[in-house]
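Read-outs: derived from the displayed coordinates by stated rules, not from any lab. Predicted model, so just to flag it, every value in this text is computed and none were measured. Cβ placement follows ideal geometry from the backbone for every residue including glycine, while neighbour counts extend to all protein chains displayed.
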Amino acid sequence: MTVLTRPATPKPQAAVVLSKAVARAAERLGVSKSLLAKVLGVSPPTITRLYTGTYLLDQSRKEWDFALLFVRVFRSLDSIVGDEFTARKWLGSDNLGLNAKPIELIRNTEGLVRVVQYLDASRGLV
């Protein structure tokens, strides 16, 4: 008896997936390339290369962890508010729970983690 097998579909590389996801999340949230560079801890030219696909995030560097957190911010906001306009508005508005504007907090590691934790807690209520 002959067993027919389909050729294996190649798995996308994690670096390709995360690099595209972080760029798309930034676009949809209205986060500038210069701010994204600060969030990820890379140079603005690196972000330009990321957008063109000539640079992929490196899993062995901190940029990888920051990118994962940033994408979590996007996914959480998407699940809570459901549209880009409201998500952008939320990021730029004063937040009493965070005691700051989230867009200002995500510029550094501690602030990015605080925003992620705040959104995770808010998602738990939905």
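What number goes with the only condition from (1) of a type outside the set (Lys, Arg); (2) surrounded by 13 or more Cβ atoms within 10 Å (Cβ to Cβ); (3) touching a Ser or Thr at 6+ places or on another chain (Cβ under 8 Å) that LEU98 does not pass?
Looking at each condition in turn, LEU98 falls short on (3).
Which of the residues spanning region 48-73 are part of a loop (DSSP other than H, G, I, E, B) and in contact (Cβ under 8 Å) with a residue 40 or more places away in the chain? Don't jump to the end; show me each part of the working.
Filtering region 48-73 down to residues part of a loop (DSSP other than H, G, I, E, B) leaves 53-61.
Listed by number, the residues that qualify are LEU56, LEU57, ASP58, GLN59.
Each row is one residue, and each column tells you yes or no for (1) buried (at least 17 other Cβ atoms within 10 Å of the Cβ); (2) among the basic types (Lys, Arg); (3) over 18 Å from LEU18 (Cβ atoms).
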{"position": "LEU50", "(1), (2), (3)": "yes, no, no"}
{"position": "SER60", "(1), (2), (3)": "no, no, no"}
{"position": "ARG75", "(1), (2), (3)": "no, yes, no"}
{"position": "ALA87", "(1), (2), (3)": "yes, no, yes"}
{"position": "GLU110", "(1), (2), (3)": "no, no, yes"}
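Are there any pairs with C-beta distances below 8 angstrom linking a residue in region 82-107 that is over 23 Å from GLY41 (Cα atoms) to a residue that is in a loop (DSSP other than H, G, I, E, B) and not small (Gly, Ala, Ser), with the two at least 6 apart or on different chains, and if so which?
Pairs that qualify, where the first residue is over 23 Å from GLY41 (Cα atoms) and the partner is in a loop (DSSP other than H, G, I, E, B) and not small (Gly, Ala, Ser), are SER93/LYS101; ASP94/LYS101; ASN95/LYS101.
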